[in-house]
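Peer 1: First the structure, which I've put down as structure tokens, then a few questions once you've had a look.
The values are calculated or read from the model by the stated rules, or taken from the named source; none is laboratory data. Just so it is clear, the structure is predicted and the values come from calculations on it, not from any experiment. Positions of Cβ are generated from backbone atoms using ideal geometry, with glycine treated the same way; all protein chains shown enter the neighbour counts.
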Amino acid sequence: MKLHESPYINKKKKTIEFHLKLRSASHVSLAGSFNQWAKDQLKMVPKKEGIWKIEIPMLPSGKYHYKFLIDDQMWMEDIENQLREPDGVTGWNSVLTV
């Protein structure tokens with residue numbers, strides 16, 4: 001399965017695609033400053049080889065923080081995205097600039 005970088009801003013489709021490779025998860029959600037960190041709004045879809053994907057509508061220009069929520073219990077930054085900032089607790093938020 002050929003993947004773009006995560007997150008991938010598709011200007012033509014006006015979407016942003018996120019993906020995560022994690023075989024051990026039974027469900028994954030995307031949460032961030034763009035959806036008030038809602039844990040159950042943006043459910044990712046399992047694809048082949050343990051890859052989870054979601055495509056959201058293009059966001060207004062700006063800087064956003066986000067993480068993945070694994071099985072409703074573990075927060076994880078986007079390991080493919082090198083842009084991150086401290087989350088104010090003990091971990092990191094991934095950073096998306098549109």
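Peer 1: Only one of SER94, SER33 is hydroxyl-bearing (Ser, Thr, Tyr) and within 11 Å of the chain's Cα centre (by Cα). Can you tell me which?
Peer 2: Details: SER33 fails: within 11 Å of the chain's Cα centre (by Cα).
Sole residue among the options that is hydroxyl-bearing (Ser, Thr, Tyr) and within 11 Å of the chain's Cα centre (by Cα): SER94.
Peer 1: Right, next: What tally of residues in the stretch 14-26 results from selecting those that are over 11 Å from the mean Cα position of the chain (by Cα), at pLDDT 95 or above and surrounded by 12 or more Cβ atoms within 10 Å (Cβ to Cβ)?
Peer 2: Adding up the residues that qualify gives 1.
Peer 1: Can you pull out the strands (runs of 3 or more DSSP E) entirely within the stretch 19-98 that have at least 2 residues that are touching a Lys or Arg at 6+ places or on another chain (Cβ under 7 Å) and among the small types (Gly, Ala, Ser)?
Peer 2: Qualifying strands (runs of 3 or more DSSP E): 28-32.
Peer 1: Just for the stretch 60-91: of the residues that are out of contact with any Ser or Thr (no Cβ under 6 Å at 6 or more places or on another chain) and surrounded by 18 or more Cβ atoms within 10 Å (Cβ to Cβ), which one is farthest from ALA31 (Cα to Cα)?
Peer 2: Looking at residues that are out of contact with any Ser or Thr (no Cβ under 6 Å at 6 or more places or on another chain) and surrounded by 18 or more Cβ atoms within 10 Å (Cβ to Cβ), I get ILE70.
Peer 1: Within the stretch 33-45, track down each residue that is surrounded by 16 or more Cβ atoms within 10 Å (Cβ to Cβ) and closer than 19 Å to LEU22 by Cα.
Peer 2: Those that are surrounded by 16 or more Cβ atoms within 10 Å (Cβ to Cβ) and closer than 19 Å to LEU22 by Cα: LEU42, MET44.
This table checks each residue for (1) charged (D, E, K, R); (2) touching a Phe, Trp or Tyr at 6+ places or on another chain (Cβ under 6 Å).
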site	(1), (2)
PHE34	no, yes
MET44	no, yes
LYS63	yes, no
GLN82	no, no
VAL89	no, no
